[in-house]
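Chemist: Here it is, the structure, as structure tokens.
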Amino acid sequence: MRYQVPGRCPVCGSDLYVKKLACVHCGVMVEGAFELPRLARLSPEHQRFVELFIRAEGKLNRVQEVLGVSYPTVRAQLHEVIRALGFEPMSSDESQERALSPERRRQILADLEAGKITSEQAIQLLKGASS
């Protein structure tokens, strides 16, 4: 019988590591200190949320429909997962700062029209790859 790998120690809550791996085909054993991937360290509940989020192509309204909960609840769950992964959620101010202003977008399009930049450069600038 195979069990799910727990991501945290059930006693103290610290990270766990894998000490031994075995091949299902030939039975060879490999021993060492293997770090679990970050996603594997999430709780089963958080892992299910991440799977649903991916299946929903990152669209919170789809996750909301499947779970049958409010949009703010889904957003709060996403923030829980982000924190569980060791990050802080971006504030709306931070995400807005990364977005190009309407004036900057118009300038990029004007530069493209005037031949100052290529279409490839315009695409990269509009994507925010370089500013």
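Rule-based calculations on the coordinates, nothing more; no lab input. All values derive from a computational prediction rather than experimental measurement. Cβ atoms come from the backbone with ideal geometry, glycine included; neighbour counts cover every protein chain shown.
Chemist: On a 0 to 90° scale, report how tilted helix 102-113 is relative to the longest principal axis of the chain, with both axes built from alpha carbons and the result rounded to the nearest 10.
Modeler: Compared with the principal axis, the helix lies near 70 degrees.
Chemist: Could you calculate, for the range 1-66, the ratio of the Cα radius of gyration to the Kirkwood radius, expressed as Rg to Rh? Can you show the working numbers first?
Modeler: On the way: Rg = 15.8 Å, Rh = 14.2 Å.
Here Rg/Rh amounts to 1.11.
Chemist: If the cut-off is a Cα-Cα distance under 22 Å, which lysines reach residue 127, setting aside same-chain residues fewer than 8 apart in sequence?
Modeler: Output for residue 127: 59, 116.
Chemist: A follow-up question, please. When every alpha-carbon pair in the range 50-125 is counted, what percent end up more than 18 Å apart? Display every interim value, and only then the final one.
Modeler: On the way: 1699 of 2850 pairs.
For the range 50-125, the fraction of Cα-Cα distances above 18 Å is 60 percent.
Chemist: Provide the FRET efficiency to the nearest 0.05 for the residue 43-residue 127 pair, computing r from the beta carbons and using R0 = 35 Å. Don't jump to the answer; show the numbers that get you there.
Modeler: Details: r = 34 Å, r/R0 = 0.98.
Given R0 = 35 Å and the Cβ-Cβ separation, E is 0.50.
Chemist: Which residues make up the longest stretch of the chain that has no chymotrypsin sites (Phe, Trp or Tyr not before Pro) in a DSSP loop with at most 12 other Cβ atoms within 10 Å?
Modeler: Values: sites that count: 3, 87.
With a cap of 12 other Cβ atoms within 10 Å, the longest stretch comes to 4-86.
Chemist: Here is a further query. List the relative contact order of the range 44-89 as a percent without decimals, with contacts defined as Cα pairs under 8 Å and 6+ residues apart.
Modeler: 28 percent
Chemist: Okay, next question. Pick from 64, 77, 121: which residue has the top mean-square fluctuation in a GNM of the chain where Cα pairs under 10 Å get a spring?
Modeler: Result for the chain, Cα springs under 10 Å: 121 fluctuates most.
Chemist: Can you give me the relative contact order of the chain as a percent, contacts being Cα pairs under 8 Å and 6 or more apart? Present the calculation step by step, with values, prior to reporting the outcome.
Modeler: Numbers: 91 pairs, mean separation 16.9, N = 131.
About 13 percent, as a whole number.
Chemist: Another question, if that's okay. Mind running the shape call on the chain? Use the C-alpha gyration tensor, a ≥ b ≥ c as the square roots of the eigenvalues: rounded below 1.5 for a/c, prolate if a/b tops b/c, oblate otherwise.
Modeler: The shape class here is prolate.
Chemist: Using Cα springs under 10 Å in a Gaussian network model of the chain, which residue among 54, 117, 82 shows the largest mean-square fluctuation?
Modeler: 117
Chemist: Sticking with this structure for a sec: Can you tell me the orientation of helix 44-55 relative to the chain, as the angle in degrees between its alpha-carbon axis and the longest Cα principal axis, to the nearest 10?
Modeler: 40 degrees
Chemist: Kirkwood Rh and Cα-based Rg: tell me the resulting Rg over Rh for the range 44-89, rounded to two decimals.
Modeler: Result: Rg/Rh = 0.94.
Chemist: Pick out which of 37, 72, 102 has the largest mean-square fluctuation in a Gaussian network model of the chain, springs linking Cα atoms closer than 10 Å.
Modeler: Sorting by GNM fluctuation, first place goes to 102.
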